[in-house]
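Colleague: Could you have a look at this structure, given as structure tokens, before my questions?
The values are calculated or read from the model by the stated rules, or taken from the named source; none is laboratory data. Only a predicted model underlies this, so the values are computations on that prediction, with no experimental measurement involved. Cβ atoms come from the backbone with ideal geometry, glycine included; neighbour counts cover every protein chain shown.
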Amino acid sequence: MTTRYNAERSLFVLYLFCLSVLLSTVQAQENIVVDIVKPKISGNNQIFVFSGTITAKKQSMLSPRVDGLVNEVSVDSGSKVSKGDVLLELDTVIIQKQLNQIKVNVTKAMIERDEAQRVVIEAERLISNKHIPQNELARRKANLELKKAEVLAIKASQETMEETLRRHQLIAPFSGVISHKMTEAGEWVSRGEAVLELVGLNDIRLDVNVPQEHFSALKKETIVRVISDAYPNQSIAGKIQAIVPVSDAQLRAFLVRVAIDNSELSLMPGTSAVAQFEVQRANNHLLIPRDALLNNPDGSVSVFIIENDKAYRRKVELGRTMDNGVNIVKGIDVDDQVVIRGNEVLYDQQPVRINQIRD
């Protein structure tokens with residue numbers, strides 16, 4: 001009897017112990033304390049900053065249009081020139097003499113043409129009186145047409161020679177500055193041989209190599225501000241002129257060309273500058289701290305949301321990682337309460353107690 005009593009008592013004590021442990025576990029689970037945060041709407045705009053090089057849209061290696069001896073160079077490195085200015089002149093003594101000879105031939109041809117015209121008029125008067133045969137008039141008219149053709153041919157030669165004479169001058173094709181002078185008076189130069197380098201300053205652009213991961217973010221409408229190293233306290237409004245959809249295999253970057261208004265600062269091609277691209281983001285991206293994220297076994301990411309004092313696990317789709325958190329593209333709403341402390345030990349639909357709501 002005593003043995004049976006002791007056994008039943010032992011079982012009863014064990015039952016009470018197990019019940020106490022179970023109640024303690026349940027109580028501990030029900031009283032898990034968590035900190036939460038409400039998602040913030042991510043800023044609509046994000047600034048990307050990249051350095052680049054200022055280049056000129058117009059940059060030409062100028063060469064003479066004919067072969068010749070340099071007679072005079074009117075500019076030097078650093079000279080500012082306007083479109084149409086004479087930059088260099090070749091010796092024109094021989095070509096001028098040839099032109100003078102052609103002008104004499106033109107005068108002679110015109111005199112002969114006029115004489116042929118007078119002879120035809122005379123023949124028409126004589127033939128009306130039947131003093132000369134009909135074929136004489138035809139011969140004189142043919143000679144007149146020949147003399148007219150000779151005048152046209154010699155005048156064409158004169159125009160060609162005058163154009164050749166003009167080509168002994170090197171004319172500035174656009175306004176800019178002479179960046180390099182490569183010849184002097186007394187040198188013989190040939191067509192195709194560069195003698196001056198001209199760089200336009202009015203129409204410049206900033207060439208920027210942008211990392212390839214930002215290719216989809218940049219559009220031609222993207223707002224750009226340019227800050228030159230020469231003028232670090234001033235920013236210039238820019239406009240994306242071209243986005244070259246070809247990535248550099250070594251740099252893993254693509255070219256973005258930004259047009260700049262250079263009317264005020266006089267930026268020099270070849271100098272460096274920084275481009276600030278203001279990229280617009282979608283309004284439905286929410287920002288939460290990285291501490292709220294939990295990795296799932298399948299590789300996805302989830303967070304815990306508190307509703308009616310219970311924790312519910314939700315899968316989320318991540319956007320871009322920011323300095324102050326992570327953009328959530330899908331999975332939570334702006335009014336949700338997201339657990340950022342205590343989430344490591346939670347399970348789905350577990351009762352919780354909110355300790356603190358963080359900013």
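Colleague: Looking at segment 317-336 only, could you name the residues that are assigned to a strand (DSSP E or B), among the charged types (D, E, K, R) and either modelled with pLDDT of 85 or more or under 21 Å from Glu307 (Cβ atoms) (or both)? Quick ask: steps written out before the conclusion?
Modeller: Taking segment 317-336 and keeping what is assigned to a strand (DSSP E or B), we get 317-322, 325-330.
If we keep only those that are among the charged types (D, E, K, R) as well, we get 317, 320, 330.
Once the filter is applied, which keeps residues that are assigned to a strand (DSSP E or B), among the charged types (D, E, K, R) and either modelled with pLDDT of 85 or more or under 21 Å from Glu307 (Cβ atoms) (or both), segment 317-336 yields Glu317, Lys330.
Colleague: Let me ask another. Output the residue which, of all residues in segment 197-222 that are modelled with pLDDT of 90 or more and not β-branched (Val, Ile, Thr), is nearest to His180 (Cα to Cα).
Modeller: Selected residue: Glu197.
Colleague: Within the set of pairs 6+ apart or on separate chains, which have a first residue in segment 310-339 that is acidic (Asp, Glu), a second that is part of a loop (DSSP other than H, G, I, E, B) and surrounded by 14 or more Cβ atoms within 10 Å (Cβ to Cβ), and C-beta atoms under 8 Å apart?
Modeller: Listed pairs, sorted by first residue: Glu317/Gly331; Asp333/Pro39; Asp335/Lys38; Asp336/Lys38; Asp336/Pro39.
Colleague: Might you check whether a residue that is surrounded by fewer than 14 Cβ atoms within 10 Å (Cβ to Cβ) and assigned to a helix (DSSP H, G or I) occurs anywhere in segment 82-94?
Modeller: yes
Colleague: Just checking, which of Phe277, Phe254 is touching a helix residue (DSSP H, G or I) at 6+ places or on another chain (Cβ under 7 Å) and in a strand (DSSP E or B)? If you could, list the steps in order and put the result at the bottom.
Modeller: On the way: Phe277 fails: touching a helix residue (DSSP H, G or I) at 6+ places or on another chain (Cβ under 7 Å).
Answer to the check: Phe254.
Colleague: For segment 223-230, state whether one or more residues are farther than 30 Å from Val86 by Cα, among the acidic types (Asp, Glu) and modelled with pLDDT of 90 or more.
Modeller: For segment 223-230, residues farther than 30 Å from Val86 by Cα, among the acidic types (Asp, Glu) and modelled with pLDDT of 90 or more: absent.
Colleague: Let me confirm something: among Glu159, Glu213, Glu193, which residue is touching a residue at least 40 places away in the same chain (Cβ under 8 Å) and not hydrophobic (A, V, I, L, M, F, W, C)?
Modeller: Details: Glu159 fails: touching a residue at least 40 places away in the same chain (Cβ under 8 Å); Glu213 fails: touching a residue at least 40 places away in the same chain (Cβ under 8 Å).
On inspection, the qualifying residue turns out to be Glu193.
Colleague: Note down all Cβ pairs under 7 Å where the first residue falls in segment 98-112 and is over 18 Å from Leu165 (Cβ atoms), the second is assigned to a helix (DSSP H, G or I) and β-branched (Val, Ile, Thr), and they're at least six residues apart or on different chains.
Modeller: Qualifying pairs under 7 Å: Ala109/Val151; Ala109/Ile154; Met110/Val151.
Matching residues to (1) surrounded by 15 or more Cβ atoms within 10 Å (Cβ to Cβ); (2) outside any loop (DSSP other than H, G, I, E, B):
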position: Glu184; (1), (2): no, no
position: Ala194; (1), (2): no, no
position: Glu221; (1), (2): no, no
position: Arg225; (1), (2): yes, yes
position: Ala237; (1), (2): no, yes
position: Val244; (1), (2): no, yes
position: Ser247; (1), (2): yes, yes
